[in-house]
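Enquirer: Mind looking over this structure? Questions follow.
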């Protein structure tokens, strides 16, 4: 549980409008929420809920139309140095001409971290994601799940204030997905990370999060803010069959159904 | 290891069958030739041995090679240096496109008289002709390669603060490199053609000049031996280029071969 109440990420009245000559699309209506240090926040919403737009605004890749985003107290005007982003398309976010080690090391070189320290950080990150044997391989020689672990290792080694993941496990098979979910939980508890995890999968959100933010359809608002009060460590075998899990899952599910209905209505 | 060596030998054997058969056929058919313009291949080979494996290698082949390497190196460098910013910035590309299209449309041999006026009959002119022809495929492929960079990798660079020269070296150039190499391969064959043409136009040394001189003095076997030398010259260069390509784009071929197998 997050005991620290300091907001690492603070979003206030975020609004994003895509304006072209013929069309004006309001992707994000009015979003306000804080993410506390050490928290694991999952963001779910129906497809077309502007999740990707929100993520791009958060990571400074897209400028909001109005409203403000603070990361670690600084207004986001470009990609914040304190943030690491893990993309869904693992195959396109690793440099195919660099080995696994070089991929993880490159952002550290940009941070001007000394060589021996870099080597230590890379080794630790690979150990954390259980990939010590493949440092010299190229990403494309690895399976999809392993590639996404490399991308996570790169984010871990970067030592960010906050790690943002955009539907990171949407493209891997179910078994790998369960393994990666548990890996994320382990990293979060061992490394004291702050995580924002965007997903369209309700079960995944409830299983992973300390808190689930339910978004409405576009123009996006926060529909519900659900604290996930499931005690004790999560486990694929037992957590998903707990009555409390089912209750929370139902609450989030209803929220999303309501969001979908409001579009058609 | 043994298996791969065996496989290479097997492939080499297959590749050698046709050249050797043609060579043997030509040797046999031309053996009793009395046609002045098509002397027996054996005579051509004898002249080849005397000329090109002798002093002519230093006086003609090496100067040709020198001009080609100089012109080609300049074309590669300039093509990439100009192509990268054009690929990165759409506004720049739009501004430069009409001019580039115009210059690309001029057949380089047509520039020889102009370049002779500007640079005389010396090596500078020949190198310049090679550059004006070989640069286009390299430049245009660089533009395309840089333009086609992956958007997710670009966002990865941005979120990890990979900017400026580091972005250029670690992202832009490697991601465009397969396409740049395609341009360089086309540029090399254009470079060889222009090397010969420029030497035929105005030179006293070089492969092109030698072939023209032999032809004008009706030394037909010598002329044919020059053509043979030129063929081997181009073949050797393309082998060297393939070795370079395989080394420089190891990651690319590895990735592609894996995709093909799956």
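Enquirer: Quick check: anything in region A:52-64 in contact with a strand residue (DSSP E or B) (Cβ under 8 Å, 6 or more places away or on another chain), away from chain B (no Cβ under 14 Å) and in contact (Cβ under 8 Å) with a residue 24 or more places away in the chain?
Expert: Yes; the residues of region A:52-64 include at least one that is in contact with a strand residue (DSSP E or B) (Cβ under 8 Å, 6 or more places away or on another chain), away from chain B (no Cβ under 14 Å) and in contact (Cβ under 8 Å) with a residue 24 or more places away in the chain.
Enquirer: Right, here's the next one. (1) in contact (Cβ under 8 Å) with a residue 24 or more places away in the chain; (2) over 16 Å from the mean Cα position of the chain (by Cα): which one isn't true of residue A:170, the others all being true?
Expert: Of (1) in contact (Cβ under 8 Å) with a residue 24 or more places away in the chain; (2) over 16 Å from the mean Cα position of the chain (by Cα), only one is false for residue A:170: (2).
Enquirer: Take the residues in region A:83-117 that are more than 8 Å from chain B (Cβ to nearest Cβ) and touching a strand residue (DSSP E or B) at 6+ places or on another chain (Cβ under 6 Å), then tell me which one is surrounded by the fewest Cβ atoms within 10 Å (Cβ to Cβ).
Expert: So, considering only residues that are more than 8 Å from chain B (Cβ to nearest Cβ) and touching a strand residue (DSSP E or B) at 6+ places or on another chain (Cβ under 6 Å), the one surrounded by the fewest Cβ atoms within 10 Å (Cβ to Cβ) is A:88.
Enquirer: For residue B:77, indicate whether it is part of a helix (DSSP H, G or I), at pLDDT 95 or above and surrounded by 14 or more Cβ atoms within 10 Å (Cβ to Cβ).
Expert: no
Enquirer: I'd like the residue in region A:219-229 that is touching a helix residue (DSSP H, G or I) at 6+ places or on another chain (Cβ under 8 Å) and within 21 Å of residue A:10 (Cα to Cα) and, out of all such residues, is surrounded by the fewest Cβ atoms within 10 Å (Cβ to Cβ).
Expert: This residue is A:224.
Enquirer: Of everything in region B:34-51, what is over 13 Å from residue B:228 (Cα atoms), surrounded by 13 or more Cβ atoms within 10 Å (Cβ to Cβ) and out of contact with any helix residue (DSSP H, G or I) (no Cβ under 6 Å at 6 or more places or on another chain)? Give them in sequence order.
Expert: Answer for region B:34-51, where residues must be over 13 Å from residue B:228 (Cα atoms), surrounded by 13 or more Cβ atoms within 10 Å (Cβ to Cβ) and out of contact with any helix residue (DSSP H, G or I) (no Cβ under 6 Å at 6 or more places or on another chain): B:38, B:40, B:50.
Enquirer: Does residue B:54 meet the test of being assigned to a helix (DSSP H, G or I) and either touching a residue at least 40 places away in the same chain (Cβ under 8 Å) or loosely packed, with under 13 Cβ neighbours inside 10 Å (or both)?
Expert: For residue B:54, the condition - assigned to a helix (DSSP H, G or I) and either touching a residue at least 40 places away in the same chain (Cβ under 8 Å) or loosely packed, with under 13 Cβ neighbours inside 10 Å (or both) - is not met.
Enquirer: Output the number of residues of region A:65-80 satisfying the condition of being within 14 Å of another protein chain (Cβ to nearest Cβ), assigned to a loop (DSSP other than H, G, I, E, B) and more than 26 Å from residue A:217 (Cβ to Cβ).
Expert: The number of residues fulfilling the criteria is 4.
Enquirer: Run down B:258, B:194, B:243, B:188 and say which single residue is surrounded by fewer than 21 Cβ atoms within 10 Å (Cβ to Cβ) and within 22 Å of the chain's Cα centre (by Cα).
Expert: B:243
The values are calculated or read from the model by the stated rules, or taken from the named source; none is laboratory data. All figures in this text were calculated on a predicted structure; none of them were measured in a lab. A quick note on method: Cβ atoms are made from the backbone with ideal geometry, for glycine too, and the neighbour counts reach across all protein chains shown.
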